[in-house]
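What follows is a set of notes on a single structure, which appears directly below.
Where a number appears in this text, it was derived from the coordinates with a stated rule and is not lab data. In this text, all values refer to a predicted model and were calculated from it rather than measured experimentally.
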Amino acid sequence: MWASCCGLLNEVMGTGTVRAQQPGFGAGAGPFRFAPSAGYSTYPPTSAGSAGQLCKACGLAFSVFRRKHICCDCKKSFCALCSVLQENLRCCMTCHLLRGTAFQRPRLMRLRVKDLRQYLLLRNISTDTCREKEDLVDLVLCHRGTRESPRPEEEEDEDEGGDDTDSLHSLPHSLPAASPPPAPRSASQQSGLSASPGDAPSPSDSSGTSSQVRRPPATQRRIRASLSDLDNEEAIENLSVRQLKEILARNFVNYSGCCEKWELLERVHRLYRENEQNRKSMENVSITADGVKAQLAADENLCRICMDAFIDCVLLECGHMVTCTKCGKRMSECPICRQYVVRAVHVFKS
């Protein structure tokens, strides 16, 4: 009887076909409040592969009208609006933007921090340790910049004079052609070279070898700022935040509580003044030490008894010279060896 009452209640309150046909009461809209909750869920089903079916840039799902394209550089999925077709290859906007700079530091420094960070995140490179824009540029050059061939200096100067960040976003740039790797020598060529050691290399080979040896590295290690590099205290105002932190770290000064640049400047100014005071005090100590040494040298010639007259007497029989003639004649024992003084002889120094 209880089961029949529950079935009648469900038919009356909306589990019939009329309720199912109305919008908002379908199977996808969730269970009715009086319907049994078995087999229903209040959350839409999530598929495990849905993350790979979304565009990495705009976050929209791929469909028949929104085709999926793989970036030739970062190998991530993008739609047609978020990628660029270049030489029959699809490239995302971020990779296309950075490839247009030819991975040169002056042009990378003109990009936005958002683009640099997005480029590193697409390659699963952590940016947690990066605090400034220079850190992001160094990280980009470390992972990709060394693979690119450097451009001529004339083109770099022209780009520095005329280009800006907006032109990098709008105008496409062609990739510099990478030089093919040198072909390995065969065993016959190596045996021929080892068999004739007396043959002199040709001028072209020697010039090619010298150019390879003299070629500078793509990235050089940056010199850290130091307090000794400052000419005066006014030069501190021209330092960047990174250089201020490097100076404080090298001198073991904690700057963890500094949130603004003026706080770092205040600590560096104080460090510079204290360093100058220490240097001047050391100079004064050296001058004082020289004066004390000269005074001690002058005191060595004074009589050890009266400390007034110069030493001009030798005590016999021991032969010590520690007193003047007046004090030596009054001494019965030598103040050094306690030997009996027979006589005090006056001497003259040349």
Using amide H atoms built 1.01 Å from N in the peptide plane, name the residues 5+ places from Q86, or on other chains, whose amide H lies under 5 Å from its own.
C91
Kirkwood-based Rg over Rh for the range 301-350 (C-alpha set), two decimals?
0.92
Working from the alpha-carbon coordinates of the range 227-296, get Rg over Rh, Rh being the Kirkwood radius.
1.18
Which entries in the list K245/K280; K293/K329; K56/K114; K75/K133 go over 19 Å, if you measure between the two C-alpha atoms of each?
K245/K280; K293/K329; K75/K133
